[in-house]
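No lab work stands behind these numbers, since they all come straight from the coordinates. Just so we're clear, the structure is a prediction, and the values are computed from it rather than from any experiment. Cβ sites come from the backbone with ideal geometry, for glycine too, and all protein chains shown count toward neighbours.
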Amino acid sequence: MSKLELIATAAMGLESLVAKEVRDLGYECQVENGRITYKGDELAIARSNLWLRTADRVKIKAGEFKAYTFDELFEKTKSIPWEQFLPENAEFPVSGKSQKSKLFSVSDCQSIVKKAIVERLRKAYKKTSWLEENGPLFKIEVSLLKDVATLTIDTSGSGLHKRGYRVDQGEAPLKETLAAALVMLTNWTPERPFADLFCGSGTIPIEAALIGQNIAPGFNREFVSESWDWMPDTVWEQARNEAEDMAKYDQPLDITGSDIDHRLVKIAAENAFEAGLGDLVNFKQMRVQDFAVKKDYGVIVSNPPYGERLGEKNAVEQMYKEMGKVLGALDTWSVYIMTSNEQFEQFYGRPATKKRKLFNGFIRTDFYQYWGKRPPRRSE
């Protein structure tokens, strides 16, 4: 299949980052709310799944059309050449969602799409009996928005945030895709020191190390489309060899993660080890008030507690004040903090250079950016 229409889905607020990643892979793209669309072949599917750090999933757009009635949904779904994607024994569950559309019953839309695909496949494969559905998995979604139905096939399987290195996690783990986004929104380069003072299970420092050594985030996992017969093994082999060639395993890194909870520090170290980065990231138990450093021009990226639970608010706000005292003295360091606390700047003691609205799951947060002095330019 020479040119497929692909969709990389993105969390709210991360679309521009995902679009940049898609363009960096060499594909022109269009940016919409929650999705980036672009054209590509089988290799594009493999490369996108392996490389997109901030996208949620990579999907194939099988069709898109206006649908005001169930008949229309059925007939237009049936007219899509599903046999190009799905073998005779494909297992194809259909999920759905509907917003601002006349066809608002999601369960009805799902069953109509399912029936239409079954009818199309039975005709294409000259089947008079039931379809077995004991073969490879093709997860289909019907998404209705303002009466436009978009039918997609998921190529990823588990969401792309599941990198395969998380052995264990804390209570409120940060998604790997968002952690990567936080690092990519900073001015950090692999030559500079990097620290996370609230590392939890280690996600931000691990993602920084993967970025620092240009390691493809999907190198350690499998994808559902690897089982599809029209996605040849050679395509995945080529994409993985390319990723291996582009990794900079000899790039030295100075990355530290610390947390007050010794149990989380142990989990973080195990996760880093599982990611193959055991000796690259240093984890230690430490209070933020004890952070001291002799190096210059470093970058701190942290997702501290927000103080949203009853009884935690005062302690968290006091900790923000102490953080401001400690980090405010580091004039060559850049500090990036994500929190939902709208008075953060007040407690920290100074206004941010820049703020960016982000969502941590369903929690609206701000990414407060305090830029330090620029490192002197090296003479050539």
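Relative to the first principal axis of the alpha-carbon coordinates of the chain, what is the inclination of helix 203-212, with its axis defined by its Cα atoms, in degrees from 0 to 90 and to the nearest 10? On a 0 to 90 degree scale, this one is about 80. The long axis of helix 106-124 is offset from the longest Cα principal axis of the chain by roughly 50 degrees. The spacing between region 58-83 and region 256-275, judged by their C-alpha centroids, is 47 Å.
Residue order for CYS199, CYS109, CYS29, fewest other beta carbons within 10 angstrom first, comes to CYS29, CYS109, CYS199. With one equal scatterer per alpha carbon and no solvent term, the Debye-computed log10 I(q)/I(0) for region 4-154 at 0.09, 0.10, 0.14 1/Å reads -0.30, -0.37, -0.71. Take the Cβ atoms of THR353 and TYR249, set R0 to 45 Å, and the FRET efficiency comes out at 0.85. Projecting the Cα atoms of LEU121, ILE7, PHE104 onto the charge dipole of region 4-154 (Cβ charges, centred on the Cα centre) puts PHE104 farthest toward the positive pole.
What number in nm² do you get for region 225-380 if you take the convex hull of its Cα atoms and divide its surface by four? Computed as one quarter of the Cα hull surface, the answer is 14.0 nm². About the centre of its Cα atoms, the chain shows a dipole size close to 1120 debye [charges on the beta carbon of Lys, Arg (+1) and Asp, Glu (-1) only; nearest 20 debye]. With helices as the sole contributors, the chain gives -9500 deg cm²/dmol at 222 nm; each DSSP H run of n ≥ 4 counts as -39500 (n - 2.57), and the sum is divided by every residue. Looking at region 19-84, the pairs of alpha carbons with a distance over 18 Å make up 47% of the total.
For the pair GLU308 and GLU133, the difference between a 0.36 nm per residue extended length and the Cα-Cα distance amounts to 58.4 nm.
If R₀ is 56 angstrom, what is the calculated FRET efficiency for the pair THR234 and GLN318, using the beta carbon separation as r and rounding to 0.05?
The pair THR234/GLN318 has a calculated efficiency of 0.45.
Semi-axes of the equivalent ellipsoid of region 162-225 are 20, 16, 9 Å, computed as sqrt(5λ) over the eigenvalues of the C-alpha gyration tensor in descending order. As a proxy for reagent exposure, ILE255, ILE60 were ordered by neighbouring Cβ count within 10 angstrom, fewest first; the result is ILE60, ILE255. Among the GluC sites (Glu not before Pro) in region 10-100, those placed in a DSSP loop whose Cβ has at most 13 other Cβ atoms within 10 Å are GLU28.
Here the spin labels are modelled as points 7 Å beyond Cα on the Cα-Cβ line, and at LYS294 and LYS39 they lie 5.8 nm apart.
Evaluate E = 1/(1 + (r/R0)^6) for ARG23 and VAL148, where r is the Cβ-Cβ distance and R0 equals 25 Å; express this FRET efficiency to the nearest 0.05.
0.50
Note: relative contact order over region 78-184, using C-alpha pairs below 8 Å and six or more positions apart, is 30 percent. Look at where the Cα atoms of region 93-153 and of region 285-349 average out, and the two centres are 48 Å apart.
With 10 Å bins beginning at zero, the pair-distance distribution over Cα atoms of the chain amounts to 5, 21, 28, 22, 15, 8, 2, 0 %. P(r) for region 63-146, from all Cα pairs and a bin width of 5 Å, is 3, 15, 27, 25, 15, 10, 4, 0 %, short bins first. Listed from fewest to most Cβ neighbours within 10 Å, the set MET319, MET184 follows the order MET184, MET319.
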